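Chemist: For reference, the structure I am asking about is given below.
The values are calculated or read from the model by the stated rules, or taken from the named source; none is laboratory data. Remember, it's a predicted structure, so these values are computed and weren't measured experimentally. FYI the Cβ positions are ideal-geometry reconstructions off the backbone, even for glycines, and counts take in every protein chain you see.
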Amino acid sequence: MIWFGIDQNAMLQKLAQNISSNLETVGILGDRQNFVPHLTIGRIREIKDKKYFQQLMGRFHEVELQNQQVVGFELYESILRREGPIYNVIETFSF
């Protein structure tokens, strides 16, 4: 998976906590991992030279590519299939 990290902030942390709490009320327990805000930009099926790819991507570890104000988000369902993933928008939220 290729993703961009997003700086932590209070609003984002509160949103993650609210989502986790609401999911627990319907019986979906939280992940054991800590919340890491990010934007997934792609998935890779196969990498022939994983070490080279990691070195290449590592060059951008501390690079700020863009500063963007977020005014909302969409909740997606991700269905992984052999032919490729299918993404369905479940709901849209505005801030």
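Chemist: Filter the stretch 1-35 for residues that are farther than 29 Å from VAL63 by Cα and of a type in the set (D, E, K, R) and give the result.
Modeler: GLU24
Chemist: Looking only at residues that are of a type in the set (A, V, I, L, M), farther than 22 Å from MET11 by Cα and in contact with a strand residue (DSSP E or B) (Cβ under 6 Å, 6 or more places away or on another chain) in the stretch 70-89, which one is modelled with the highest pLDDT?
Modeler: VAL89
Chemist: Counting only residues that are assigned to a helix (DSSP H, G or I) and either closer than 14 Å to GLY5 by Cα or hydrophobic (A, V, I, L, M, F, W, C) (or both), how many does the stretch 19-73 have?
Modeler: Total meeting the criteria: 6.
Chemist: Quick one: in the stretch 40-52, which of the residues that are surrounded by fewer than 10 Cβ atoms within 10 Å (Cβ to Cβ) and out of contact with any helix residue (DSSP H, G or I) (no Cβ under 9 Å at 6 or more places or on another chain) is nearest to ALA10 (Cα to Cα)? Quick ask: steps written out before the conclusion?
Modeler: Of the residues in the stretch 40-52, the ones surrounded by fewer than 10 Cβ atoms within 10 Å (Cβ to Cβ) are 41-42, 44-46, 48-49, 51.
Now drop any that are not out of contact with any helix residue (DSSP H, G or I) (no Cβ under 9 Å at 6 or more places or on another chain), which leaves 41-42, 45-46, 48-49, 51.
Numbers: ILE41: 24, GLY42: 27, ARG45: 35, GLU46: 37, LYS48: 40, ASP49: 38, LYS51: 35 Å.
The selected residue is ILE41.
Chemist: Sticking with this structure for a sec: Tell me which residues, restricted to the stretch 32-49, are among the basic types (Lys, Arg) and in contact (Cβ under 8 Å) with a residue 12 or more places away in the chain.
Modeler: ARG43
Chemist: Also: Only residues in the stretch 53-69 that are under 24 Å from ASN9 (Cβ atoms) count as the first member; pair them with residues that are aromatic (Phe, Trp, Tyr) and surrounded by 10 or more Cβ atoms within 10 Å (Cβ to Cβ), Cβ under 9 angstrom, at least 6 apart or cross-chain, and list the lot.
Modeler: Partner pairs satisfying both residue conditions: LEU65/PHE4; GLN66/PHE4.
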